[in-house]
Structure formats: structure tokens, C-alpha cells
Amino acid sequence: MAGYTESPFRRLIKELEPSTVLVSELVSAEAMRRGSEKTMRMIEYVPEELNFYGVQIFGNDKTAFVEAAKIIEDQGVDFIDINLGCPSPKVVGSGHGSALLKDPDSTADLIHTLVKSTSLPVTVKTRLGFYDDKDLIDTAKKFEAAGATWIAIHGRTTKQRFTGVANWDPIYEVKKNVSIPVIGNGDVTSAAIARNRLQDLDGVMIGRGSWRNPWIFRQCREVFEGKTELTPKPTMADQLDFFRKHADLATEFKNEKWAMIELRKHFAHFMRGFRGAAQYRDRLIRVESRAEMDQVFQEILAEVQK
Ligand SMILES: Cc1cc2nc3c(=O)[nH]c(=O)nc-3n(C[C@H](O)[C@H](O)[C@H](O)COP(=O)(O)O)c2cc1C
């Protein structure tokens, strides 16, 4: 997820649940080909993230994809994911991301070119369709024939962006029509929802649900294994500890200033639903230093323990 799944966050998620499959933020194949340092920094990882960590690329140029694949392969990651789902006007306007769903044949050709050029598995992340889901099954079959290792589908169209409720029914239909693994995505915010949504799919992909509850991946594994006693909901102390570790790793990865800016958006999502949350959120979304963050955390702990 752009702006969220940088190495420090991925690493913490993997620590909490080692079976989690991780994906980088989307990165431009073209920028990678040009040797952009900023882009290379975005896909950096630590060995603990492997098994499985994939880099997600976007673009529409075959040569750029093939060159980016070579670079990604040299980095030693586990797989390459192609973004066919990003609805942002900037990405779609350049003919990238989910704009590629408008022409499934050319997109399948692009996937096939990439598959032939790399020894890494090539996976795709897509949506139900650009305007509607009427071509989804045909499109998925084309992507399968092109050599995609799995297909992850967000149950919304491009036009919907993030509005409405994700519709998983067309995803179950795809599963009946292809042999490669199909992963469902959209609005999974708890392990119970993941269990209900999984049905005969091969996996569930979780994005925003991890912001408020990074433990969700462990809880999902537990329900998928049929456990009835799940890891309890993290306490406030556990969650603040998670943020402290996140701040440590993010500071190590770049610097304290960057770490605080990174964490602000996580605070905006998390600081809700407890006494005084609005006041703490207000301070934390402006936090400038680690000392300031620690001070607010102490006050939160004192408040919730009252
Ligand atoms: C802030 C944000 C950034 C995202 N970045 C990406 C991305 O880089 N690549 C991608 O495939 N999807 C991206 N997505 C879409 C999510 O992967 C996911 O498909 C969508 O949020 C629905 O799943 P969820 O309800 O579990 O979050 C992003 C979504 C959000 C909200």
C-alpha cells in the first residue's frame, strides 16, 4: 500500500505473523529502469521479510517491465506483482494501474512478456473491472493463460475507487473458472470477516484492516487453522509498544523526522474509540519528535489505566 508498506511496517507485520505474504508499495517500472534512487529505496527490505515478499510494479511499457524485472530479480525478492488496480487519476491518466483493465488482451500480453523474462513468479493485483464486472472472468482467464501465478482481486470497480462495499461474489465466480490461486480483497477488518469471506478462495488480502490492528494476520491464521481460542485483542500497552518499535525501525531506516511523519497517519487511524482519543490524536498527528511521542504515550497509558 502506497505510503504504508515500507520496510519498517512490513517487518513488524512479519514479526507478528511470520506466514504473512508482504508486498511493497507500488513502484513505477519506468522509474526503476531509470535507476531512480527514491524508487530503489521504496523496495528495500531486510531478510526477515522474505518468504514471502514481493515487489509491486506499475506501468505499461514492456521494455520497462522487463528491465525492472531484472533489477527486482537481482534484489533477491520472492515474486513480482503487477498493479492493475490503482484508480488514482494520476496513474490511470498515464494509462497505468487499472487503466490496463480497459484492454485485457494487451495486458495479458504484457504479463506474458514479463513471465517469459524472469524466473520469479509473476502475480497480478486487479479490480472487478474498470466500469463493471462483466469481463472479469474472461479477463482472469486471459491473465491465467499469460502465466500469472495467482490473481488477487479487490471487489470494487475502478470507477468505485474506495466507495461502497466490496462485492466478493464475482471473485467466487472467478475461482470457479480458473486453476491458479485466487485471492480476495476488500473490507476485511477482522479474522471473523476473513473466515466468512474466504469460502473456497485461496487467500484473503488485507490492507486497511492492518492499520488499526496489525495483529489481524495472526488472528486470521488462527481462524483458518480452526482455532477457537484466538490471540486476544492487543491491549493499549501492546499497541503503543508496536508504535515505539515502528518508530525505532523507521528512524533506523531513514531518520527521526521521517519516522514521525510516517507514524502520524497511523496515529490518525488508530487513535479512536477510547477516552480522550480525539485530544491525543490531535497531538500525535502533529508530532515532531520521539520525545514528544513518548510523552503523549505516557499520558494515554495513565488515562486508560485510570
Ligand atoms: C492508502 C492506500 C494505498 C494503497 N496502495 C496500494 C498499492 O500501492 N498497491 C495496490 O495494489 N493496492 C493499493 N491499495 C489498495 C489496497 O491494496 C486494497 O486493494 C484496498 O484498500 C481494499 O482492501 P482493504 O479494504 O483491505 O484495504 C491502497 C489503498 C489505500 C487505501
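Do we find that ARG212 is among the basic types (Lys, Arg) and farther than 27 Å from VAL92 by Cβ in this structure?
Yes: the conditions hold for ARG212.
Here's a check for you: in the stretch 163-187, which residue that is without any contact (Cβ under 8 Å) to a residue 24 or more places away in the chain and either under 18 Å from the mean Cα position of the chain (by Cα) or in a loop (DSSP other than H, G, I, E, B) (or both) is nearest to the ligand (Cβ to nearest atom)?
Looking at the filtered set, the residue picked out is ALA166.
Go through (1) away from the ligand (no atom under 16 Å from the Cβ); (2) among the basic types (Lys, Arg); (3) part of a helix (DSSP H, G or I) for ARG197 and report which single condition fails.
The one condition ARG197 does not meet is (1).
Could you give me the residue pairs with C-beta distances under 7 Å whose first residue belongs to the stretch 15-32 and is without any contact (Cβ under 8 Å) to a residue 12 or more places away in the chain, whose second residue is within 14 Å of the ligand (Cβ to nearest atom) wherever it lies, and which are 6+ apart or on separate chains?
Hits for this filter: ALA31/THR39.
Criterion first (farther than 18 Å from MET1 by Cβ and at pLDDT 95 or above) does GLU262 satisfy it?
Here the answer is no, as GLU262 does not meet what is asked.
Suppose we filter LEU240, LEU230 for residues that are over 29 Å from GLU25 (Cα atoms), surrounded by 15 or more Cβ atoms within 10 Å (Cβ to Cβ), not aromatic (Phe, Trp, Tyr) and not assigned by TED's automatic domain parsing to the domain that holds TRP211; which single one remains? Before you say what the answer is, go through the steps one by one.
Numbers: LEU240 fails: over 29 Å from GLU25 (Cα atoms).
Checking each option against the conditions leaves just LEU230.
Six or more apart or on different chains, Cβ atoms under 7 Å: show the pairs whose first residue is in the stretch 66-85 and away from the ligand (no atom under 16 Å from the Cβ) and whose second is hydroxyl-bearing (Ser, Thr, Tyr).
VAL66/THR113; VAL66/SER117; ALA69/SER117; ALA69/THR118; GLU73/THR118; GLU73/SER119; ASP78/TYR53
Going by what's in this entry, would GLU73 be described as assigned by TED's automatic domain parsing to the domain that holds GLY129, assigned to a helix (DSSP H, G or I) and over 30 Å from THR139 (Cβ atoms)?
So GLU73 does not fit the description; no.
On the basis of being more than 22 Å from the chain's Cα centre (by Cα) and in the same structural domain as GLY207 (by TED's automatic domain parsing), does LYS116 make the cut?
It is true that LYS116 is more than 22 Å from the chain's Cα centre (by Cα) and in the same structural domain as GLY207 (by TED's automatic domain parsing).
Spot the failing condition for LYS265; the list is (1) without any contact (Cβ under 8 Å) to a residue 40 or more places away in the chain; (2) in a helix (DSSP H, G or I); (3) within 24 Å of the chain's Cα centre (by Cα), and only one is missed.
Exception for LYS265: condition (1).
State which residue is nearest to the ligand (Cβ to nearest atom) when the search covers only the stretch 1-39 and only residues that are assigned to a loop (DSSP other than H, G, I, E, B) and of a type in the set (Gly, Ala, Ser). Before the answer, list the steps.
Step one: of the stretch 1-39, the residues assigned to a loop (DSSP other than H, G, I, E, B) are 1-6, 17-21, 34-36.
Those left that are additionally of a type in the set (Gly, Ala, Ser): 2-3, 19, 35-36.
Numbers: ALA2: 4, GLY3: 6, SER19: 18, GLY35: 21, SER36: 16 Å.
Looking at residues that are assigned to a loop (DSSP other than H, G, I, E, B) and of a type in the set (Gly, Ala, Ser), I get ALA2.
Picking from THR251, THR228, which residue would you name as being over 25 Å from ASN185 (Cβ atoms) and assigned to a helix (DSSP H, G or I)? Can you show your working first?
Numbers: THR228 fails: assigned to a helix (DSSP H, G or I).
After applying the criteria, what remains is THR251.
So which residues in the stretch 57-76 are over 16 Å from THR126 (Cβ atoms) and surrounded by fewer than 21 Cβ atoms within 10 Å (Cβ to Cβ)?
Listed by number, the residues that qualify are ASP61, LYS62, THR63, ALA64, VAL66, GLU67, LYS70, ILE71, GLU73, ASP74, GLN75, GLY76.
The values are calculated or read from the model by the stated rules, or taken from the named source; none is laboratory data. Since the structure is predicted, the reported quantities are computational estimates derived from the model, not experimental observations. Cβ coordinates were reconstructed from backbone atoms using ideal geometry, including for glycine residues, and neighbour counts include every protein chain displayed.
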